[in-house]
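Remarks on the structure that follows.
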Amino acid sequence: MTGELATARQSIDCINREKRELLSEAENLRAELETFHKKHGLLSTVEKKDELTSGSDSGGNETHEEPFVSLEQIQIKCEESDKTIKVRFIIKNEDPEGDYVSGYAFISLNPTPDGSGQYKVYPEAPLVNGTPETYKLGEYFYMARFKHMEAVFTSINDRNRYDSISIMVYASDGVLRIKRDLTL
């Protein structure tokens, strides 16, 4: 059983490394696409969105409102029989133009204030003061309408060690846009 655990940990480490490499490659491709757009005189997706959302309010100040997402149909199930906690929800696009939105999401299982438990986070990422060290390790989404998300926390031997769930949604530029804390 110890060997299986070691093998599973190696697999998880390998998957995390591959994820970081793919995210880096995606960033490089986005940069190349921006360069292509500039070279051929095309507006990039970001510039188009800025052009549509930029304007002046009555005071003459420039405004940049950017619709993003909402969290809906949040369900939390604690299964004592198989010692799991499942969190399900829908990320819904709130852009009135119907443009695609993208970002990263995390779900964390938070210990009670007495500190008897440890934070657990999906997807796995190092935490600093209860928030992910880097937003790019979150579950990436790119959607027009909505996306179903689910996290399953296993091996929860004592459910009383945890008192809440946090859902954190970052925009693709790394700004934390939504943080919702829910009591278990």
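No lab work stands behind these numbers, since they all come straight from the coordinates. Keep in mind that this is a model prediction, so the values were computed, not measured. For neighbour counting, all protein chains shown are included, and Cβ atoms are generated from backbone atoms with ideal geometry for every residue, glycine included.
If I model a spin label at S81 and D163 as a point 7 Å from the Cα along the Cα→Cβ vector, what separation in nanometres do I get?
Here the modelled spin labels are 3.0 nm apart.
Taking 0.36 nm per residue of sequence separation and subtracting the Cα-Cα distance, how much length would be gained by fully extending the chain between V128 and E32, in nm to one decimal?
Difference between extended and current length: 31.3 nm.
On a 24 Å Cα-Cα criterion, which of the cross-link pairs K77/K136; K86/K120; K77/K120; K83/K136 come out too long?
Numbers: K77/K136 27 Å; K86/K120 12 Å; K77/K120 16 Å; K83/K136 29 Å.
Cα-Cα > 24 Å for K77/K136; K83/K136; rest within.
Mind checking the dipole of the stretch 67-183: about its Cα centre, +1 per Lys or Arg Cβ, -1 per Asp or Glu Cβ, Debye to the nearest 20?
Working: 14 positive and 17 negative charges, 29 e Å.
Around 140 debye, computed over the stretch 67-183.
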